[in-house]
Number of protein chains: 2
Amino acid sequence: MENSAGRRLNTLIRHLLLQDKGSVQVLHPNGLSGERLKHAKSDPVIIGGMVLDIHAYPSIPAIPRTTTPGKVHYVVGGVARNVAECMSKLGTKPFMISAIGPDMAGNLLLEHWESVGLCTEGILKGQGIETPVVCNVFDVNGELAAAVASVEAIEKFLAKEWIHQFTSNIRSAPILMVDANLSLRSLEASCQTAQSGTPVWFEPVSVAKSKRVASIIEYVTFTSPNEDELIAMANAVSSEDLFSPIQRVDNDGSTQSIESFFLLLKPAIWVLLEKGVKLVVVTLGSDGVFLCSKGGAEFTTVDLKNTEPSHFGKQLSEMVTLNCRNQFVNTEKFNKSSSHLSVVHFPALPASVMRLTGAGDCLVGGTLASLSAGLNMMQSMAVGIATAKAAVETRKNVPSEFCLATIADDARRVYSSARVVFDQSVV
Amino acid sequence: MENSAGRRLNTLIRHLLLQDKGSVQVLHPNGLSGERLKHAKSDPVIIGGMVLDIHAYPSIPAIPRTTTPGKVHYVVGGVARNVAECMSKLGTKPFMISAIGPDMAGNLLLEHWESVGLCTEGILKGQGIETPVVCNVFDVNGELAAAVASVEAIEKFLAKEWIHQFTSNIRSAPILMVDANLSLRSLEASCQTAQSGTPVWFEPVSVAKSKRVASIIEYVTFTSPNEDELIAMANAVSSEDLFSPIQRVDNDGSTQSIESFFLLLKPAIWVLLEKGVKLVVVTLGSDGVFLCSKGGAEFTTVDLKNTEPSHFGKQLSEMVTLNCRNQFVNTEKFNKSSSHLSVVHFPALPASVMRLTGAGDCLVGGTLASLSAGLNMMQSMAVGIATAKAAVETRKNVPSEFCLATIADDARRVYSSARVVFDQSVV
């Protein structure tokens, strides 16, 4: 899938890895904030679920209908919460808007939030709210034996009235992330509040919930579906179900190449871009990520207002900028016509997998933290993948701490392996 | 199964229900405390597990390998904890000896314990202890789909060194209950401490754990197995596996009468009595209870030292005594030879069952609270069954509160339906 434009973009990526000049070049892409506001440092806003995950692992094979000896772990989770915690551990303090109850799970989530030094002001703590909790019992092989999710409180209590209380936070935020656990009304309220100029990242959560994008697609700047969520979202924003689920593994058991797999996903990706999404990040698990935009300008020119990286954020930015040097000084080289699709594939890194849960959330968290620290999208994506690698190597959803040198080095490896898989006109 | 002795005992029971005289007659049975100590009021001591039960109920049928929407409930549990909480709600404040960790489950259990006004001094709260928790996921029909129990902290941390710190509480207690969650060493340490004159109630917990009775059988005064635990215990204290599991329902699907079912259990019951247990309470679920002793003297003559019922305990005692009048003034009527087995069957009451868990623990808790309030074993058993009925009619292990009038009235109904199923020489 390397046509001449693809080769050109790949050459540029190699070029910037070899050169050693200048700092991050910030441009003003169409559709993102056109004006860099210097007047106030503001925190990214994350709206969505804070969830307690209960994981029960038997130590011997289970006998049906009885209790099996084993271990029970409590893991703080929830997509939005994981993303926010991950960001905070990479030096960006996000403002979290969520809802929990005055129960055991709520207390644990709140205490943990305070312990990592994050603001709890946006977290609604109400009588009558049952804190979202997912209870998972695994079998002795680590497969899910039975699981119940009690997360309706997010839809029921994280209402637009609560979100509206934080309008000024949202309007001054460099970026807003919403997860699809929100009700349609709350998703709309969040996006409409952000409309004045805060870019919106939509995290689809699950195939079923990803369809909620339909009512807010016009506001979405970034989204990060896996391949199944991508198909569901493309169908949801179309007038009919145009797309069928896509299998990476053929019927004969052979796995398709990244390039041919991309071609299968391309129509669904294009639908989202045509609806106004600036960047579609298709997550492929151990196969990495497709970063897709019209013309590729946003790869190097994401400009977020009101960012002022923390010390850690600056360190991250410096190390990654040093590792992943950016010399896309002339975006005129890209064909920014409305019919041009540019896609870069970022591979995942080999990892000693402890537990896959949380990896996708850390991918988003690492990317958002990097964008907030002033890195461009290509660099941020590389940091996101490095962060996801760190996440799968722990049992928690978000590692206790990140080693900046490791993240920067891993980001460099990802960045240097990224290559263009598509860069041509679609129509 | 009504022989002449049985008819005689039954007649006596009817007799005491019809007469309206006198108060509780306290005698001094062999093997219980021979001396009524008046000098100090002391609390019953309960040693065993405090456990958090997590119950997850799906609201729709589950799709395998995924999470199903539903509800998650946190229920404070653990056999010993349930018994102690039940006792406290019937006016007797027990002293609990247990071990929990400084985690979410431990905090919940401790806060609940404080909220019901009970002493936490005997509860070891240690770093490194994982609070016992049982995680249950049910299917949409209410059957257990998968469950993991993480309760090893009880065996590991509720050690004899901790128990020995409360020697004076145990020695002055009117009664000591131990549950079989304790390690063998801790069971032995508890019983040896009590040896000086505190009767011991052994709660078998499960078939597997009930076998731990073997090392402490010489100290056990009361025990409350179901039929399966009874068989396991009888085998454990015998030199070989003499007894096979007994089915109440025959191969042809017909259910045996209470009398013939008792005859199947009799050899196992007799083994425990021969080993020195004074009263064996065989719990039969919705079929009630067999109360078994050598010669039946203990039915009316349990004497616990250092009891001083609370106001509520006195009320309970008065109401039950009024309802279940006791005129067993002449225990000489009973054949107290060492070869004589006396068994009374107490039926259970019809109930609107919400959840069966906790019923057995409330049966023991109601019985222990009544004994501690000065009632005799026959009356206490009736209260125990009334308490168990109240327990199955709530979703909690122990009801939030008991209605004394209902308990007393239900106890009267149980008491008046009790009848002797066996009263003759065994050898």
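Out of the residues in the stretch B:414-427 that are surrounded by fewer than 19 Cβ atoms within 10 Å (Cβ to Cβ) and not in a strand (DSSP E or B), which is modelled with the lowest pLDDT? Once the filter is applied, the top-ranked residue is B:V427. Within the stretch B:232-255, the residues that satisfy the criterion of being under 20 Å from B:L187 (Cβ atoms) and of a type outside the set (S, T, N, Q) are B:A232, B:M233, B:A234, B:A236, B:V237.
With respect to B:S239, determine if the residue is small (G, A, S), at pLDDT below 95 and closer than 25 Å to B:A359 by Cβ. Answer is no for this residue. For A:G253, the stated conditions hold: it is surrounded by fewer than 21 Cβ atoms within 10 Å (Cβ to Cβ) and either in contact (Cβ under 8 Å) with a residue 40 or more places away in the chain or farther than 28 Å from A:G365 by Cβ (or both).
Filter the stretch A:141-167 for residues that are hydrophobic (A, V, I, L, M, F, W, C) and farther than 15 Å from B:A145 by Cβ and give the result. Lay out the reasoning, then the answer.
Going residue by residue through the stretch A:141-167, those that are hydrophobic (A, V, I, L, M, F, W, C) are A:144-149, A:151, A:153-154, A:157-159, A:162-163, A:166.
Result: A:V151, A:A153, A:I154, A:F157, A:L158, A:A159, A:W162, A:I163, A:F166.
Looking at this structure, is B:S98 surrounded by fewer than 23 Cβ atoms within 10 Å (Cβ to Cβ), more than 10 Å from every other protein chain (Cβ to nearest Cβ) and among the hydroxyl-bearing types (S, T, Y)? No. Which of the residues belonging to the stretch B:158-175 are without any contact (Cβ under 8 Å) to a residue 60 or more places away in the chain and touching an Asp or Glu at 6+ places or on another chain (Cβ under 9 Å)? Of everything in the stretch B:158-175, just one residue is without any contact (Cβ under 8 Å) to a residue 60 or more places away in the chain and touching an Asp or Glu at 6+ places or on another chain (Cβ under 9 Å), namely B:K160. Look through the stretch B:359-378, keep the residues that are assigned to a helix (DSSP H, G or I) and not hydrophobic (A, V, I, L, M, F, W, C), and return whichever of them is surrounded by the fewest Cβ atoms within 10 Å (Cβ to Cβ). This residue is B:G360.
So, in the stretch A:37-85, how many residues would count as being part of a strand (DSSP E or B) and either within 12 Å of chain B (Cβ to nearest Cβ) or not hydrophobic (A, V, I, L, M, F, W, C) (or both)? First the steps, then the outcome.
Filtering the stretch A:37-85 down to residues part of a strand (DSSP E or B) leaves A:45-47, A:51-58, A:68-77.
Now narrow it down to the ones that are either within 12 Å of chain B (Cβ to nearest Cβ) or not hydrophobic (A, V, I, L, M, F, W, C) (or both): A:51-58, A:68-77.
Residues in the stretch A:37-85 being part of a strand (DSSP E or B) and either within 12 Å of chain B (Cβ to nearest Cβ) or not hydrophobic (A, V, I, L, M, F, W, C) (or both): 18 in total.
Mind checking whether some residue in the stretch B:382-404 is modelled with pLDDT under 75 and closer than 30 Å to B:S257 by Cβ? No; the residues of the stretch B:382-404 include none that is modelled with pLDDT under 75 and closer than 30 Å to B:S257 by Cβ.
For B:H311, the conditions (1) at pLDDT 90 or above; (2) more than 20 Å from B:G360 (Cβ to Cβ); (3) of a type outside the set (F, W, Y) are fulfilled apart from (1). Selection over the stretch A:165-182 of residues that are surrounded by fewer than 24 Cβ atoms within 10 Å (Cβ to Cβ) and either within 14 Å of chain B (Cβ to nearest Cβ) or under 23 Å from A:L368 (Cα atoms) (or both) gives a count of 6.
Counting only residues that are within 12 Å of chain A (Cβ to nearest Cβ), assigned to a strand (DSSP E or B) and under 22 Å from the mean Cα position of the chain (by Cα), the stretch B:113-158 holds 3 of them.
B:D103 falls short on exactly one of the conditions (1) within 10 Å of another protein chain (Cβ to nearest Cβ); (2) closer than 18 Å to B:G142 by Cα; (3) not β-branched (V, I, T), and that condition is (2).
Test of understanding: among B:A348, B:A391, B:A405, which residue is touching a Cys at 6+ places or on another chain (Cβ under 7 Å) and either surrounded by fewer than 24 Cβ atoms within 10 Å (Cβ to Cβ) or in contact (Cβ under 8 Å) with a residue 60 or more places away in the chain (or both)? Explain how you work it out, then say what you get.
Values: B:A348 fails: touching a Cys at 6+ places or on another chain (Cβ under 7 Å); B:A405 fails: touching a Cys at 6+ places or on another chain (Cβ under 7 Å).
Within the list B:A348, B:A391, B:A405, the selection yields B:A391.
Listed by first and then second residue, the pairs with beta-carbon distance under 7 Å, at least 6 apart or on different chains, first residue in the stretch B:287-298 and surrounded by fewer than 24 Cβ atoms within 10 Å (Cβ to Cβ) and part of a loop (DSSP other than H, G, I, E, B), second modelled with pLDDT of 80 or more and not aliphatic (A, V, I, L, M), are B:G288/B:H345; B:G288/B:F346; B:G288/B:P347; B:G295/B:H340; B:G295/B:S342. Tallying residues that are in a loop (DSSP other than H, G, I, E, B) and either more than 30 Å from A:L371 (Cα to Cα) or at pLDDT 95 or above (or both) within the stretch A:91-112 yields 4.
Taking the options B:V140, B:V116, name whichever one is in contact with a Pro (Cβ under 6 Å, 6 or more places away or on another chain) and at pLDDT below 95. Show your work before the answer.
Numbers: B:V116 fails: in contact with a Pro (Cβ under 6 Å, 6 or more places away or on another chain).
Within the list B:V140, B:V116, the selection yields B:V140.
Taking B:S88, is it more than 8 Å from chain A (Cβ to nearest Cβ), hydroxyl-bearing (S, T, Y) and part of a helix (DSSP H, G or I)? It is true that B:S88 is more than 8 Å from chain A (Cβ to nearest Cβ), hydroxyl-bearing (S, T, Y) and part of a helix (DSSP H, G or I).
The values are calculated or read from the model by the stated rules, or taken from the named source; none is laboratory data. Here the structure is a predicted model, which means the values were calculated and not measured. So basically every Cβ, Gly included, is an ideal-geometry build from the backbone, and we count neighbours across all protein chains shown.
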